[in-house]
Amino acid sequence: MTTHHTCQASLDEGTLCGKAAVITKPVALCYEHEIEVGLVIVPSLLKMLLHEARTASAGRTRVLTEAEANLVDSAQTAQWPEGERHSPLVYFLANGGRVKIGQTNGIRARVRALSLREDAVLLLLHGGLSLERALHAKFDTYRIDDSEWFELSPELVRFVGDKSHGQLFVQPAQHLAPARASAGTRVPRQVREAQRAQAEQEIADIVRAGGMPDVGQLSRKFNKRETWVGDRIRSVRRRLEEAGPTDPPQAPTSAPHAT
């Protein structure tokens with residue numbers, strides 16, 4: 001008697017498939033078709049493994065204590081230091097779709113050690129190890145493994161924007177090269193995308209509620225020109241019109257992964 005194995009895949013509602021996992025026809029594939037099959041199967045397997053990993057790590061998320069929350073809320077933005085050595089600073093350093101939250105007494109040396117440029121620094125805060133640990137707890141949901149690197153999530157972007165008054169980057173010091181100081185520091189692409197997504201989400205919420213976006217207020221909040229805000233409003237209205245009244249779309253989100 002032949003014994004058939006059953007499919008152990010978990011369905012959306014959490015139950016197992018349970019159907020017989022049998023091949024009813026011979027499978028003879030050339031190398032090219034094996035690759036095509038792999039392209040179909042492997043992404044779904046990876047997606048399932050990622051979901052399981054995130055589910056398993058959810059229980060390990062550290063809760064921010066009241067003292068840590070107060071420490072984070074009261075943290076003050078720091079200017080770019082003039083010397084190589086300085087008082088302790090907590091830095092937010094972008095690299096691709098990730099942000100490193102660390103603390104140092106020598107930000108220039110730390111940036112060089114990571115083979116990055118100084119304009120990758122999004123924010124500096126006065127504080128040391130205690131503030132660093134509090135920030136790690138605040139953004140623990142977005143932590144990449146057990147490192148000091150975090151996903152460039154909308155929540156993290158909003159925090160950096162609020163602390164830096166919407167600029168999302170540290171202004172270059174006056175002693176830097178004149179051309180660079182006059183031109184300012186370019187915001188990383190992932191941050192610009194996340195900021196644009198945040199603005200469009202707010203605009204979409206206002207429009208859905210029947211309100212009229214305040215161009216001046218949004219311009220000041222995001223530290224952008226009114227033309228930039230106007231582009232965001234037109235983009236949101238266009239998507240809402242395309243979706244129709246019964247299925248309004250959400251504003252796009254930037255989800256760099258970790259990224």
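Only the coordinates and a few stated rules stand behind these numbers; no lab work does. In this text, all values refer to a predicted model and were calculated from it rather than measured experimentally. Backbone-built Cβ (ideal geometry, glycine too); neighbour counts: all protein chains shown.
Side notes on the structure shown:
- Cut-off under 5 Å, modelled amide H: who pairs with Gly127 long-range: Leu89, Val90
- Residue-count net charge about Gly161 - beta-carbon cut-off 14 Å; Lys, Arg +1, Asp, Glu -1: +3
- Neighbour counts of other Cβ atoms within 10 Å put Val99, Val236 in the fewest-to-most order Val236, Val99.
- For the stretch 189-243, average projected area of the Cα convex hull in nm²: 3.7 nm²
- For Gln103, residues with placed amide H under 5 Å, excluding near neighbours: Tyr91
- Amide H contacts under 5 Å for Leu122, placed H, 5+ residues apart: Phe92, Leu93, Ala94
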